[in-house]
């Protein structure tokens, strides 16, 4: 079995936009010029319209750290820390919370930041690495930062601190995403993976996990990144609530402890707000009665009363005010609660391409992967992740929803019969009024129509063929129903015309009248299951005729051939 090893050491590094840092820096140094990145210019297009408009754009300037800093600027000064980060105007707390957590793992952070400075071979150029779809990508940026007044528009150094690594790293990530606007609201696990190449697991805090303290402590011991999020508030966007927390906001989880309090013990957890201020106002807050009363000998080590965005709260309050805890693992220690710390990930990567326009909204055409999960006495975990490669999205292009499902498939040959098909179809396609379910007879009929091997079951290929037709039938049904509000028997002809797998098949008015009697109810309405049976039977009968006819005009069958054909289908 393969064991986990450092992803950065194993994979080649891709140059984003084919820009080589060393070549560009050497070119600038040889000519005595500072680098100006034409692929991410110091213009409004790199900001995006969502963040700045009108007068704000006209007052926007781009300045280098040497012009912003009162003294000599520094890339990192006395080590990188989460307290170097202070969120700006972009709603990118999701990225900064992940970055704040990364600062607690210096080894991983160093791989992202690398060894660079404002003194040695400085040419106004910096580079950073991010994990994208199974490999590391190196992004080059110049050090011109968007400024309003004399303050950085986005992440900015804390007052009195002239460290610019967070500002430049944010710029590189904005370039990777297409613009600063693309950092305005995002998904926490994406940032965690992009910064580490690890695997993210999620704990639902509403389910009140009993082992929360142990989970956090073991994740911290393993060097895992941890973040969490508050739910949406009464209004859109982030706002400070009465308890001091910010709604719809991401926080970094920095520690968890069991502390002596009064006559017992209490579990507490420490969080950090990327704003760099605005802290929890409840129990175990800075200056609280709980900290004054505790006699725990570790008090001086754990408690620091500062307005730096970091605070303690009880685990109970944490579970009541946050909805998810995200843990990014590089070894599976938090999944198995430390029972087998010597083991490492054994990854398998499957790649495919799904082209927007050909497959969007049609699950039958999307990529599917089959893998076996064997039971073991050790209780191994299997983690499945889903990643979509960016296809050159424009800066202001609308987002579209993506998802994936893990479905348990029957291990016995992977064939399904009419009973299994009925259960599956009624779960996936039951969208009509009451009664519009697939009956057992309808499912037996569908199996017979698609059963090329004539064994009463559908194998994987037959089922895939069926699924494509079902999805297409659903589109036809919904489009016709959308225009009139109901699917009537008079719409059957229109359905035939709009069905891709019936192209080239004609139907007479006499046959259409017969099908109206066969597939509509007493009110003239046609249900979705009835439409499926009609369209698929029409395809099957037309193909059977053309396969058996020698001249395309007629066919000759013996009585037994005729009986076998019509009685089963």
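The values are calculated or read from the model by the stated rules, or taken from the named source; none is laboratory data. Keep in mind that this is a model prediction, so the values were computed, not measured. Don't worry about glycine lacking a Cβ; one is built from the backbone with ideal geometry, like all the others, and counts go over all protein chains shown.
The rows are residues; the columns are (1) in contact with a helix residue (DSSP H, G or I) (Cβ under 7 Å, 6 or more places away or on another chain); (2) closer than 22 Å to residue 186 by Cβ.
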site: 23; (1), (2): no, no
site: 37; (1), (2): no, no
site: 65; (1), (2): no, no
site: 113; (1), (2): yes, yes
site: 120; (1), (2): no, no
site: 126; (1), (2): yes, no
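Residues that are surrounded by 21 or more Cβ atoms within 10 Å (Cβ to Cβ), in a loop (DSSP other than H, G, I, E, B) and in contact with a strand residue (DSSP E or B) (Cβ under 8 Å, 6 or more places away or on another chain) within the stretch 152-197 comprise 153, 154, 157, 164, 197, listed in sequence order. Of note, residue 271 does not satisfy the criterion of being over 34 Å from the mean Cα position of the chain (by Cα) and either surrounded by 12 or more Cβ atoms within 10 Å (Cβ to Cβ) or not in a strand (DSSP E or B) (or both). Assigned by TED's automatic domain parsing to the domain that holds residue 449, under 26 Å from residue 463 (Cα atoms) and surrounded by 16 or more Cβ atoms within 10 Å (Cβ to Cβ): is that true of residue 488 in this structure? No: the conditions fail for residue 488. Apart from one condition, residue 118 fits all of (1) touching a residue at least 40 places away in the same chain (Cβ under 8 Å); (2) within 29 Å of residue 70 (Cα to Cα); (3) within 30 Å of the chain's Cα centre (by Cα); the exception is (3). For beta carbons closer than 9 Å, sequence separation of 6+ or different chains, a first residue in the stretch 61-73 that is not assigned by TED's automatic domain parsing to the domain that holds residue 156 and at pLDDT below 90 and a second that is assigned to a loop (DSSP other than H, G, I, E, B) and loosely packed, with under 13 Cβ neighbours inside 10 Å, there are no qualifying pairs. Could you tell me whether the stretch 214-235 includes any residue that is within 25 Å of the chain's Cα centre (by Cα) and on the phi > 0 side of the Ramachandran plot? Yes, the stretch 214-235 contains a residue that is within 25 Å of the chain's Cα centre (by Cα) and on the phi > 0 side of the Ramachandran plot. Scanning the stretch 201-235 for residues that are surrounded by fewer than 18 Cβ atoms within 10 Å (Cβ to Cβ) and part of a strand (DSSP E or B) yields 202, 204.
In the list 284, 280, which residue meets the criterion of being within 29 Å of residue 184 (Cβ to Cβ), buried (at least 19 other Cβ atoms within 10 Å of the Cβ) and without any contact (Cβ under 8 Å) to a residue 40 or more places away in the chain?
Residue meeting the stated conditions: 280.
The set of residues from the stretch 312-325 being in a strand (DSSP E or B) and in contact (Cβ under 8 Å) with a residue 60 or more places away in the chain comprises 324, 325. Identify all residues within the stretch 256-268 that are touching a strand residue (DSSP E or B) at 6+ places or on another chain (Cβ under 7 Å) and either surrounded by 17 or more Cβ atoms within 10 Å (Cβ to Cβ) or in contact (Cβ under 8 Å) with a residue 12 or more places away in the chain (or both); write none if there are none. Hits for the stretch 256-268 are 256, 257, 258, 259, 266, 267, 268.
Among the residues of the stretch 236-255, what is the count of those that are part of a strand (DSSP E or B) and buried (at least 17 other Cβ atoms within 10 Å of the Cβ)?
Residues that pass the stated criteria total 7.
Scanning the stretch 506-518 finds no residues that are in contact with a strand residue (DSSP E or B) (Cβ under 6 Å, 6 or more places away or on another chain) and modelled with pLDDT of 85 or more. Would you confirm, using the coordinates I've provided, whether residue 96 is in a helix (DSSP H, G or I), out of contact with any strand residue (DSSP E or B) (no Cβ under 6 Å at 6 or more places or on another chain) and crowded, with 20+ Cβ neighbours inside 10 Å? Here the answer is yes, as residue 96 does meet what is asked.
Taking the stretch 500-569 and the helices (runs of 4 or more DSSP H) fully enclosed by it, the elements with 2 or more residues that are under 18 Å from residue 438 (Cα atoms) are at 509-519, 528-548.
What residue, among those in the stretch 39-58 that are assigned to a loop (DSSP other than H, G, I, E, B), modelled with pLDDT of 90 or more and touching a helix residue (DSSP H, G or I) at 6+ places or on another chain (Cβ under 8 Å), is surrounded by the fewest Cβ atoms within 10 Å (Cβ to Cβ)? Per the stated criteria, the residue is 39. Here residue 536 fits the description: assigned by TED's automatic domain parsing to the domain that holds residue 482, surrounded by 14 or more Cβ atoms within 10 Å (Cβ to Cβ) and at pLDDT 85 or above. Give the residue, chosen from 202, 227, that is within 23 Å of residue 321 (Cα to Cα) and touching a helix residue (DSSP H, G or I) at 6+ places or on another chain (Cβ under 6 Å). The unique qualifying residue is 227.
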